[in-house]
2 protein chains.
Amino acid sequence: MSRTPDFDRDEIIGKAMEVFWNKGYENTSMRDLMDATGLLKGSLYNTFGSKEKLFMLCLEKYSVYSRGLFYKKGDPKEYLVKFFKRLVDEGVKKDFTKGCLIMNSCLEFMGKNALGEKASDMFAATELNLANVAKAIAEENSSLEVDKVKTNLISAAFSIREISKFRKDRKFLKQIANNALRDFDLMI
Amino acid sequence: MSRTPDFDRDEIIGKAMEVFWNKGYENTSMRDLMDATGLLKGSLYNTFGSKEKLFMLCLEKYSVYSRGLFYKKGDPKEYLVKFFKRLVDEGVKKDFTKGCLIMNSCLEFMGKNALGEKASDMFAATELNLANVAKAIAEENSSLEVDKVKTNLISAAFSIREISKFRKDRKFLKQIANNALRDFDLMI
DNA sequence: CCCTTTCTTGACCTATCGGTCAAATAGCAC
DNA sequence: GTGCTATTTGACCGATAGGTCAAGAAAGGG
């Protein structure tokens, strides 16, 4: 019938996502996207329409990736400890300065456009995940105020992700995590 | 002897600081600075040399402003409560999306150039201020681990400043503050 | 093998970026 | 008022931004 694309669409979105995640939307140029994907400008526009539409697809891909890390079943306390250990371990890596694409996008777009709305929804989903973990723990320990501790958890996660962009201090980042975890008698 | 400038240098830096604070360094154009200061491009370059040098002067001005809010004497607990009340009250304002210039600059520049180093120093000074408050409270309540609670305070301040850019939720922001304040048996 | 359709290529577009500079202007000392 | 000097002005610079598009290339159905 006609010529078929020379690339895998989803693979391109993944590569673009990495660039956007590392550099942010505004600071990523079409040149950067061309270099990262191996596609020329015309192909990118022919396939995705615009930089903004491509970014939206990247956000959606990140959303899927992110949901894959959500709590589903098993020991909720163990989940929580692993969750924060991962944040700290990634955070202290010298070349890890990209943080979390959801939080980055909330900061970059909120109140500006549809990307901000999408990012906000994803932030809310992350929050709900932590609320679900807190709820699961509360079933064994009824004295927990789920809404309060959920806020402490998301705030700590946010702090670690953002501060670790510029402060590679394991003790410092661990302390932030432990401050939220103490409600559950947990530590990392 | 010769012609004198038509403007007050410090006033111009103040106006430029507001723009940088609101929009960030990269997202601020010379056009923005010209509009905000009322000076033409040539005058800005003639006076400050470059956009980067002007930003450095803005950082220094912010540093002075910031140090003016540090704890010096008086009731340290009262200081802490006022400190966080201010963060929350400013944070919930609909048009307050600029956060803190120090934190913004740490996130924008760290590891890139001299602006990042300057911002890092200013962040450390803010941290020291909170450590001093914690120390003053610890003199009355010796069971406090100053370094730990200092980390909780700076982390909470960071979270409130950043999250409030995109989440105008007083209950949420207050909870973040209270999570750090509970070490001192304080609440807002 | 050919024709249709789609994808690919890269030159080109306008707008804007930070920055420069020669000419015009205006303070101040005398 | 005159002359020196610094400031002001805005046109101009090359680089780069996101985006467009006509022409060339290639895949698939017949």
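Just for the Cα atoms in segment B:9-61, what are the lengths along the principal axes, largest first, rounded to whole Å?
23, 21, 17
Hey, what angle do you get for helix A:114-138 against the long axis of chain A, alpha-carbon based, 0 to 90 degrees rounded to 10?
Compared with the principal axis, the helix lies near 30 degrees.
Of A:20, A:55, A:39, which is farthest towards the positive pole of segment A:9-61's charge dipole, taken about the Cα centre with +1 and -1 on the beta-carbons of Lys, Arg and Asp, Glu respectively?
Projecting each Cα onto the dipole axis, the largest value belongs to A:39.
Roughly how many percent of the accessible protein surface of the protein assembly as shown is carbon and sulfur, given a 1.4 Å probe and a whole-percent answer?
Numbers: 9360 of 18560 Å².
For the protein assembly as shown, the apolar C and S fraction of the accessible surface comes to 50 percent.
May I ask you to compute the full-extension gain from residue B:3 to residue B:29, defined as 0.36 nm times their residue separation minus their alpha-carbon distance, rounded to one decimal in nm? Walk me through the intermediate numbers first.
On the way: separation 26, 0.36 × 26 = 9.36 nm, distance 2.82 nm.
Value of the extension gain: 6.5 nm.
Any idea what diffusion coefficient chain B gets from Stokes-Einstein, in µm²/s, Kirkwood Rh on alpha carbon pairs, 25 °C, 0.890 mPa s?
Value of D from the Cα-based Kirkwood radius: 136 µm²/s.
Greater than 29 Å separation of Cα atoms is the criterion. Which listed pairs, B:15/B:73; A:148/B:85; A:23/A:53; A:168/B:135; A:150/B:15; A:135/B:93, meet it?
Exceeds cut-off: B:15/B:73; A:150/B:15; A:135/B:93.
Buried by at least 10 Å² relative to the chain on its own: which residues of segment B:163-188 qualify, computing accessible area with a 1.4 Å probe on protein heavy atoms?
SASA drop of 10 Å² or more in segment B:163-188: B:163, B:165, B:166, B:167, B:171, B:172, B:175, B:176, B:179, B:182, B:183.
Go through segment B:1-105 and name the trypsin sites (Lys or Arg not before Pro) that are in a DSSP coil and have 13 or fewer other Cβ atoms within 10 Å of their Cβ.
Values: sites: B:3, B:9, B:15, B:23, B:31, B:41, B:51, B:53, B:61, B:67, B:72, B:73, B:77, B:82, B:85, B:86, B:93, B:94, B:98; in loops: B:3, B:72, B:73, B:93, B:94, B:98.
Taking segment B:1-105 and a limit of 13 other Cβ atoms within 10 Å, the loop trypsin sites (Lys or Arg not before Pro) found are B:3, B:72, B:73, B:93, B:94.
Counting only Cα atoms, I'd like the Rg/Rh figure for the protein assembly as shown, Kirkwood definition for Rh. The partial results should precede the final answer.
Values: Rg = 22.7 Å, Rh = 22.5 Å.
On the Cα set of the protein assembly as shown, Rg over Rh gives 1.01.
The values are calculated or read from the model by the stated rules, or taken from the named source; none is laboratory data. Everything numeric here is computed off the predicted structure, so don't read it as measured data. Here Cβ is always computed from backbone atoms with ideal geometry, including for glycine, and neighbour counts include all displayed protein chains. Protein only, heavy atoms only, side chains kept; ligands, DNA and RNA dropped before computing areas. Shrake-Rupley method; radii C 1.70, N 1.55, O 1.52, S 1.80 Å.
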